[in-house]
Amino acid sequence: MTDDMPKDKYDTTMKELFTDSEEDLIRFFCQIEMQVIRQLNIKFPLVEKKRSDLILECRTEKGPAAVHME
């Protein structure tokens, strides 16, 4: 990451690159089979940055799950 590119811009670019690949990413990193139900837009009021990178509501063979990726 370069000094002239703000961190939020880098995060936004990464999110755009992996849009519609969430299931593949979770399968690769977590080694679980799941189906994304929806992306959750959660805001954290008491922290400096109020948006999470990526939070998904998912369904796995063991039941419902929430996946938070930074």
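In a strand (DSSP E or B), acidic (Asp, Glu) and either surrounded by 13 or more Cβ atoms within 10 Å (Cβ to Cβ) or at pLDDT 85 or above (or both), is that true of GLU57?
yes
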inquiry  = For the stretch 1-36, give me each residue that is under 28 Å from GLY63 (Cα atoms) and either modelled with pLDDT under 70 or touching a Cys at 6+ places or on another chain (Cβ under 6 Å) (or both).
reply    = MET34, VAL36
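The values are calculated or read from the model by the stated rules, or taken from the named source; none is laboratory data. Here the structure is a predicted model, which is why all the values come from computation and not from measurement. In this analysis, Cβ positions are derived from the backbone assuming ideal geometry, glycine residues included, and neighbour counts consider all displayed protein chains.
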